[in-house]
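The values are calculated or read from the model by the stated rules, or taken from the named source; none is laboratory data. These numbers come from a predicted model, not from an experiment. Note: ideal-geometry Cβ built from the backbone for every residue, glycine included; neighbour counts use all protein chains shown.
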Amino acid sequence: MRSIRSAGRSAGRAVGVAVLIGVMVSLLGYGVSRAIARQRAAVAMAASANAFIATLNADQRTKALFRFEDEQRKDFFFVPRSRFGVPLKDLDEKQRRLAMDFLRTGLGVAGYQKATTIISLEPVLFELEGVKRIHPRDPELYYVSIFGTPSPKSPWGWRFEGHHLSVNVTVVGSELVASAPLFMGSNPAEVREGPRKGLRTLAGEEDEARALIQSLDEKQRSVAIYQEKAPADILTMNSRKVDPLKPEGLAAAALNPAQRKQLMKLIEVYLGRMPEEVAAARRAKLSGGGIEKITFAWAGGINRGDYHYYRVQGPTFLIEYDDTQNNANHIHSVWRDFNGDFGTDLIAEHYRLTPHRQFAAK
């Protein structure tokens, strides 16, 4: 009898060990698959960048290529202004196609669709403003800048930027990719006349947040709405370094399961702007930082057409959104990383783990 019990315990331990090994193998496989996916993203970006660079003439190269450590790498903005980089206007048809293919590698499917729609709104805005136009509205005034040498040997980065669009990507090694700051805006937020009437480029960013604020009960809402008047714009604007904003609003820990699901649905709208490989890494950061620590803060009215602002802030990231300009029909929205904007954390880790040497000069 004792031998039977002993045998049973041994069999149980064997099964337990087998299950543990199975779990470890699964986790290892998952980690390896994610690393392979990130590597594919980094390789695709480098290949696309080099294909684009190969078509540039000497003048275009002078405009488009910078050393990695050039301060222009962090000089992003989302308003019409003079910019460094080579504009679409200076590119022939083949080069433009390659530039857009390059942009596609830095965005998710939804993100690329939003980016191209944002660009296509420039002629709409031109018509709306008419003789009152004070800034150039031109879908060809979007600029490509590449910082460093696109390869796994040293960090490099790139930016695609113009009015209401700023995609900033840093690549470190063969698989580490950072994609912040990532700004998208829309003016008009909703096209209200003409052949594109009803078009809402950033509908998810607006609707999912409003669904969340309207789902809150009176007590929750009194905490989430931290001020009655919405600020005139996102608070971080084009700051090169962003620290956590004043803790305001309602913590995810105070949400019921349905509301927490809605919060994550809102965050997924922003993750959907990014390549899936990058979005997956961010989801892991969200979980590691503690989803219950994420806060949702709102300012302004909660009904469609009201001036409004919100932010979603976690231990590692910040989402800001504002719709107050042009009679609340002009959206600004951005994803920022407190320690990852422009790949700061990845670069530091790279030099901690590899021999120190100077960046390769361009």
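Structure data summary
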| quantity | calculated |
| --- | --- |
| Scope the stretch 312-362; condition of a type in the set (Ser, Thr, Tyr), modelled with pLDDT under 90 and part of a loop (DSSP other than H, G, I, E, B); matching residues | THR354 |
| Which listed residue is among the polar types (S, T, N, Q) and surrounded by fewer than 17 Cβ atoms within 10 Å (Cβ to Cβ), from GLN95, GLN113 | GLN113 |
| Residue satisfying all of: in the stretch 23-56; modelled with pLDDT of 95 or more and of a type in the set (Ser, Thr, Tyr); nearest to LYS89 (Cα to Cα) among these | THR55 |
| Boolean, LYS246 is assigned to a loop (DSSP other than H, G, I, E, B) and modelled with pLDDT under 95 | yes |
| Sole residue being touching an Asp or Glu at 6+ places or on another chain (Cβ under 6 Å), under 26 Å from LEU199 (Cα atoms) and surrounded by 14 or more Cβ atoms within 10 Å (Cβ to Cβ), chosen from LEU103, LEU88 | LEU88 |
| Verdict on ALA253 being more than 19 Å from the chain's Cα centre (by Cα), under 18 Å from ALA203 (Cβ atoms) and aliphatic (A, V, I, L, M) | no |
| Residue in the stretch 292-301 that is in a loop (DSSP other than H, G, I, E, B) and either closer than 20 Å to VAL79 by Cα or at pLDDT 95 or above (or both) present | yes |
| Qualifying residue in the stretch 128-140 (condition: surrounded by fewer than 17 Cβ atoms within 10 Å (Cβ to Cβ) and in contact with a strand residue (DSSP E or B) (Cβ under 9 Å, 6 or more places away or on another chain)) | yes |
| Qualifying residue in the stretch 133-142 (condition: in contact with a Phe, Trp or Tyr (Cβ under 8 Å, 6 or more places away or on another chain) and free of Cβ contacts under 8 Å to residues at least 40 places away in the same chain) | yes |
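Residue by residue, here is whether (1) of a type in the set (Gly, Ala, Ser); (2) free of Cβ contacts under 8 Å to residues at least 24 places away in the same chain; (3) buried (at least 16 other Cβ atoms within 10 Å of the Cβ) holds:
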position: LEU250; (1), (2), (3): no, no, yes
position: ALA253; (1), (2), (3): yes, no, no
position: LYS265; (1), (2), (3): no, no, no
position: GLY300; (1), (2), (3): yes, no, yes
position: HIS332; (1), (2), (3): no, no, yes
position: ILE347; (1), (2), (3): no, no, yes
position: LEU353; (1), (2), (3): no, yes, no
